[in-house]
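Colleague: Before we start, here is the structure in question, set down as structure tokens.
The numbers here are math on the coordinates, done by the rules we state, and not lab data. Keep in mind the model is a prediction, meaning the values are calculated, not measured. In this analysis, Cβ positions are derived from the backbone assuming ideal geometry, glycine residues included, and neighbour counts consider all displayed protein chains.
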Amino acid sequence: MKTTVTLGPARMGEAARIAGMSRTLIEPGLPWSWTPRRVAAHMRQRDNMVVTARTEKDLVGFAMAHFGDDSVHVTLLAVAESAQRHGVGRQLIGWIEESAVTAGVFTVELELRAGNMGAKQFYTALGYRETLRVPRYYSGLEDAIRMARNLRVGG
Ligand SMILES: CC(C)(COP(=O)(O)OP(=O)(O)OC[C@H]1O[C@@H](n2cnc3c(N)ncnc32)[C@H](O)[C@@H]1OP(=O)(O)O)[C@@H](O)C(=O)NCCC(=O)NCCS
């Protein structure tokens, strides 16, 4: 089933909500690095894209990505538990991938916590492949797995 959401650029007033979701969905057990202030600072930089998924009532997902010359790096991605497995994450990544292609950049990469098997399966389902393991990447506490997708291949 697909939850009906509207995708669009994040608004500055949503930085606290995005930071809160990062805290509970992405960073549990780690120091809170994505504070409202840091999220807002990233939103102000023009080489970052922050896209949200909203239902009529609520912000249920977001993705943040940094656009470099050679690659796009997905910095953060989360979907509220109540909205997971409804295609929202796929739509958010799809938005970033389409934006990357429009910008003439064909590599999308990201890191995820080595213990986050759900996210690993999600990115694998979307065509991402593991490229590297980075020991103790997260505050010295947990390894990262780096994954990447070549957008020139596989449509
Ligand atoms: C990872 C995450 C963003 C996926 O978002 P989502 O909206 O639930 O994903 P989708 O519904 O678009 O899933 C697309 C496909 O990915 C795969 N997938 C997604 N979540 C999965 C899971 N937990 N286990 C196995 N496969 C999964 C499935 O193949 C799924 O298709 P299907 O539902 O038709 O089988 C979401 O689970 C989440 O926010 N998790 C917590 C935060 C996090 O881990 N962020 C990413 C690392 S920073």
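Colleague: Can you tell me which residue in the range 110-148 is farthest from Q84 (Cα to Cα), limited to those that are of a type in the set (D, E, K, R) and within 14 Å of the chain's Cα centre (by Cα)?
Modeller: The initial filter retains those residues of the range 110-148 that are of a type in the set (D, E, K, R), namely 111, 113, 120, 129-130, 133, 136, 142-143, 146.
Cutting the leftovers down to within 14 Å of the chain's Cα centre (by Cα) gives us 111, 113, 120, 146.
Values: E111: 20, R113: 18, K120: 15, R146: 22 Å.
Filtering the range 110-148 for residues that are of a type in the set (D, E, K, R) and within 14 Å of the chain's Cα centre (by Cα), the one farthest from Q84 (Cα to Cα) comes out as R146.
Colleague: Identify, by number, the condition in (1) surrounded by fewer than 16 Cβ atoms within 10 Å (Cβ to Cβ); (2) touching a strand residue (DSSP E or B) at 6+ places or on another chain (Cβ under 8 Å); (3) not small (G, A, S) that E81 doesn't meet.
Modeller: (2)
Colleague: In addition: Could you count how many residues in the range 79-135 are more than 18 Å from V50 (Cβ to Cβ), among the acidic types (D, E) and either within 13 Å of the ligand (Cβ to nearest atom) or touching a His at 6+ places or on another chain (Cβ under 6 Å) (or both)?
Modeller: 1
Colleague: Surrounded by fewer than 21 Cβ atoms within 10 Å (Cβ to Cβ) and at positive phi: which single residue out of G68, G87 fits that description? Steps first, answer last, please.
Modeller: Details: G68 fails: at positive phi.
The unique qualifying residue is G87.
Colleague: Being outside any helix (DSSP H, G or I), surrounded by fewer than 17 Cβ atoms within 10 Å (Cβ to Cβ) and either free of Cβ contacts under 8 Å to residues at least 40 places away in the same chain or among the charged types (D, E, K, R) (or both), is that true of even one residue in the range 24-31? Lay out the reasoning, then the answer.
Modeller: Here is the first cut: in the range 24-31, the ones outside any helix (DSSP H, G or I) are 27-31.
Right, trim to surrounded by fewer than 17 Cβ atoms within 10 Å (Cβ to Cβ) and you get 28-31.
Filter once more, keeping what is either free of Cβ contacts under 8 Å to residues at least 40 places away in the same chain or among the charged types (D, E, K, R) (or both): 28.
Yes: the range 24-31 contains one or more residues that are outside any helix (DSSP H, G or I), surrounded by fewer than 17 Cβ atoms within 10 Å (Cβ to Cβ) and either free of Cβ contacts under 8 Å to residues at least 40 places away in the same chain or among the charged types (D, E, K, R) (or both).
Colleague: Considering L76, L59, L110, which residue is among the aliphatic types (A, V, I, L, M), over 23 Å from A144 (Cβ atoms) and either surrounded by fewer than 18 Cβ atoms within 10 Å (Cβ to Cβ) or in contact with a strand residue (DSSP E or B) (Cβ under 6 Å, 6 or more places away or on another chain) (or both)? Quick ask: steps written out before the conclusion?
Modeller: Details: L76 fails: over 23 Å from A144 (Cβ atoms); L110 fails: over 23 Å from A144 (Cβ atoms).
Just one listed residue meets the conditions, L59.
Colleague: Every residue in the range 32-47 that is surrounded by fewer than 18 Cβ atoms within 10 Å (Cβ to Cβ) and closer than 25 Å to R149 by Cβ, please.
Modeller: Correct list: S33, Q45, R46, D47.
Colleague: Going through V60, V51, V74, V39 one at a time, which residue ends up being without any contact (Cβ under 8 Å) to a residue 40 or more places away in the chain, in a strand (DSSP E or B) and either touching a Leu at 6+ places or on another chain (Cβ under 9 Å) or within 16 Å of the ligand (Cβ to nearest atom) (or both)?
Modeller: Numbers: V60 fails: without any contact (Cβ under 8 Å) to a residue 40 or more places away in the chain; V51 fails: without any contact (Cβ under 8 Å) to a residue 40 or more places away in the chain; V39 fails: in a strand (DSSP E or B).
Being without any contact (Cβ under 8 Å) to a residue 40 or more places away in the chain, in a strand (DSSP E or B) and either touching a Leu at 6+ places or on another chain (Cβ under 9 Å) or within 16 Å of the ligand (Cβ to nearest atom) (or both) holds for just one of V60, V51, V74, V39, which is V74.
Colleague: Just to be sure I understand the filter: pairs with C-beta atoms under 7 Å, separated by 6 or more residues or on different chains, first member in the range 114-135 and aliphatic (A, V, I, L, M), second member near the ligand (Cβ under 7 Å from one of its atoms). Which pairs pass?
Modeller: A119/L112; L126/R90
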